[in-house]
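Just so you know, all these numbers are worked out from the coordinates, no wet-lab data involved. In this text the structure is predicted, and so the values were computed from the model without any measurement. Cβ placement follows ideal geometry from the backbone for every residue including glycine, while neighbour counts extend to all protein chains displayed.
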């Protein structure tokens, strides 16, 4: 009888051990039901957060109560549209197709322009990937999106969203071939408006709308919120200026702080997971650091689709070789010139038909312009971005807090594309094929702080299953012979 008792107890222990491991595996798949809120603060410079350039008590509190990273490595180019799309897809720009804020598509023979142009709402430019909010909805979840760059380019719409408020034209009635004639039709900035969100709307109003979404009977599981500051200020002033410092503090107070207080007042603060990120940093450029292409090549031979911190040159046939030869023979120490096929692989910005035939890659702080007569006049110093983060350190910030995150830790850097598998895990949905790695970010989550990886747990379960069968068989034989 004693032997039978030992055998039975041993069998139960083996079974329970296997059951515990299987339960751990199930939990590792991110089946939590908490809402995830992701807030993007455009152009928030990571160095200034670390150096205490501005007073940011609310972000500081998130760091104390949650997780922060030294920085996030942004994708190339360090521009708003490609990085925000990489956040939501886990893909590099060469894979998701939004290769910059402005680009040319040689198949459609059309130009894409961010934000205020009808092309920004044309689904054909976005058909190479699926954003996480759409994947969530296809899995039965609900999403809420407020001003997130590019969200309006999909035929499907979020469960909750804010429509563009300024639409003097009906983009659906315009032939894309007519768009070039409608551009540059007004003075000021932007140089024209086809359709755009109302960036002058106070962030507090945006957060109030989000809170109303969260109070509905069927609230969103994922909320995406975008703030254009401090980027909008950084483009008008030096990033060393009092104006940029004030913009950082305004974002901390009016975006981060207001959201925290709103969630606390609704008794939601400790029930939701929140991530605060930025899409890129900023670097000063000036009137003394400009490269004018007219000094080296004929302006009639090419189109500069996007300039500034990047130089995207489109030309055809023999002109490509001529332009490349003239630019490389100029021996300008402040720029690198690549043909498309020679762009460094580490940029992950090469294998897409929207990448230009010639890429001019200026030194950090230098900008590409076509001609002097159209350049900004006088002496000036303003912030800009777009240079590869591998050289410019145009990294972004990461702060997170909530029931899923660890408390009071700083982790090493990771990649923009790694946020996608992290968000999929938090939402409990299967990630689409992507360039990110969950292994790079899993240790910021409580459930992985002292656990093996999900892959390791799965392997262990599968490894122990045969052993459990063997042990059970041996014990059964012992019982039979007793």
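How high is the FRET efficiency from residue 181 to residue 127, r the C-beta distance, R0 45 Å, rounded to 0.05? The value I calculate is 0.95.
The angle between the Cα long axis of helix 318-329 and the longest principal axis of the Cα atoms of the chain comes to about 90 degrees, rounded to the nearest 10. From helices alone, the chain scores -9500 deg cm²/dmol at 222 nm; the rule is -39500 (n - 2.57) for each run of n ≥ 4 DSSP H residues, then divide by the residue total. Rounded to the nearest 5, the antiparallel percentage of DSSP beta bridges internal to the chain is 55%. Sorted ascending by nearby beta carbons within 10 Å, beginning with the fewest, 363, 242 become 242, 363.
Computing FRET efficiency as 1/(1 + (r/R0)^6) for residue 342 and residue 289, where r is the C-beta to C-beta distance and R0 is 25 Å, gives about 0.50. Fewest neighbouring Cβ atoms within 10 Å first, the residues 213, 349, 189, 387 line up as 189, 213, 349, 387.
The C-alpha atoms of the chain define a longest principal axis, and helix 242-251 lies at about 40 degrees to it.
For the stretch 290-375, the equivalent ellipsoid derived from the alpha-carbon gyration tensor has semi-axes of 18, 15, 12 Å in decreasing order.
Restricting to Cα pairs below 8 Å that are 6+ residues apart, what does the relative contact order work out to for the chain? Please round to a whole percent. Relative contact order of the chain: 30 percent.
Taking the longest Cα principal axis of the chain as reference, the axis of helix 80-89 is set at about 20 degrees. Among 328, 216, a tally of other beta-carbon atoms within 10 Å of each Cβ gives an order, fewest to most, of 216, 328.
For the stretch 337-396, rounded, prolate or oblate, judged on the Cα gyration tensor with a ≥ b ≥ c (square roots of eigenvalues), a/c < 1.5 rounded, else prolate if a/b > b/c? The shape class here is oblate. Is the C-alpha gyration tensor of the chain telling us rounded, prolate or oblate? Criteria: a/c under 1.5 is rounded; beyond that, a/b larger than b/c is prolate, otherwise oblate. Here the chain falls in the prolate category. Shape of the stretch 180-254 from the C-alpha gyration tensor: oblate (a/c of 1.5 or more and a/b not above b/c, with a ≥ b ≥ c the square roots of its eigenvalues). Between the stretch 27-100 and the stretch 193-252, the C-alpha centres lie 14 angstrom from each other.
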